[in-house]
Amino acid sequence: MPVCLVISGPPCTGKSTLATRIARASGWPLLAKDAYKERVFDHLGHADRAWSRRVSALAWDLLLEESARLLGAGASCLVEGNLREPQRRRLGAAVAAARATVLEVECRAQPERLLERYRARAAGGARHPGHVDLEALAEVEAELREPSAAATALGGATLQWDTSAGFDTAALLPALAEQLRRAGEPAAARRVLDAATA
């Protein structure tokens, strides 16, 4: 039975860093929304916030189609991104259709800490310019300050990773390894556990 490991949460919670580390340890394919988005930017160019939103929609469509294909073929995978309700429903349907096991790591941090990180990232200019982080700043600030509604459960175990004080995975990775073991993925569990002590 394949496993879909979802790394979710708002911007600047450490999703990409965590997902990359787990993908390297587990050997599973990593489907990251921003990676899809940046490939579209590289081929079709980048413009303003409206274009960025359109590219986001396409990136999610491509990512979720690929995740359904992998799971349907019996292959485990990681999905990383800030999943909204439409994406959660579609991924949940793919997981159910493939009779897969879903695990989720929900990344979070205090809003002010996230805003501090986001502002620094937007000013730093290290990300692909297509994300238009400075243009999106006011929108992101408003969203992070609003209480978030409870997300639709994907149907499996959920681990929470609070990165307010930093990106320490010492407690998270062993807990994730145990969930992978329970999901019938002992080899991946061992590799993730090894990564926790590396």
(request) Could you look through the range 59-89, keep only residues that are more than 12 Å from the chain's Cα centre (by Cα) and basic (Lys, Arg), and pick out the one that is modelled with the highest pLDDT? (result) Arg69
(message) Quick check on my filter: what residues within the range 36-81 are touching a residue at least 60 places away in the same chain (Cβ under 8 Å), among the acidic types (Asp, Glu) and either under 27 Å from Ser26 (Cα atoms) or touching a Cys at 6+ places or on another chain (Cβ under 8 Å) (or both)?
(response) Glu38, Glu80
(request) Check Arg113, Arg190, Arg181 and return the single one that is basic (Lys, Arg), in contact (Cβ under 8 Å) with a residue 24 or more places away in the chain and either surrounded by 13 or more Cβ atoms within 10 Å (Cβ to Cβ) or outside any loop (DSSP other than H, G, I, E, B) (or both). (result) Arg113
(request) Would you please name the residue that is nearest to Met1 (Cα to Cα), looking only at residues in the range 157-198 that are touching a helix residue (DSSP H, G or I) at 6+ places or on another chain (Cβ under 7 Å) and hydroxyl-bearing (Ser, Thr, Tyr)? (result) Thr169
(message) Among the residues of the range 84-109, what is the count of those that are of a type in the set (D, E, K, R), assigned to a loop (DSSP other than H, G, I, E, B) and under 23 Å from Gly27 (Cβ atoms)?
(response) 1
(message) Go through the range 57-83 and report how many residues are assigned to a helix (DSSP H, G or I) and either among the hydrophobic types (A, V, I, L, M, F, W, C) or crowded, with 21+ Cβ neighbours inside 10 Å (or both).
(response) 11
(request) Please work out which one of (1) at negative phi; (2) assigned to a loop (DSSP other than H, G, I, E, B) is the condition Gly166 fails and give its number. (result) (1)
(message) Among the numbered criteria (1) out of contact with any Cys (no Cβ under 6 Å at 6 or more places or on another chain); (2) crowded, with 21+ Cβ neighbours inside 10 Å, which one does Pro10 miss?
(response) (2)
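The values are calculated or read from the model by the stated rules, or taken from the named source; none is laboratory data. Worth saying up front: this structure is predicted, and the values here are computed from it rather than measured. Counting neighbours? That spans all protein chains shown, and the Cβs are built from the backbone with ideal geometry, glycine included.
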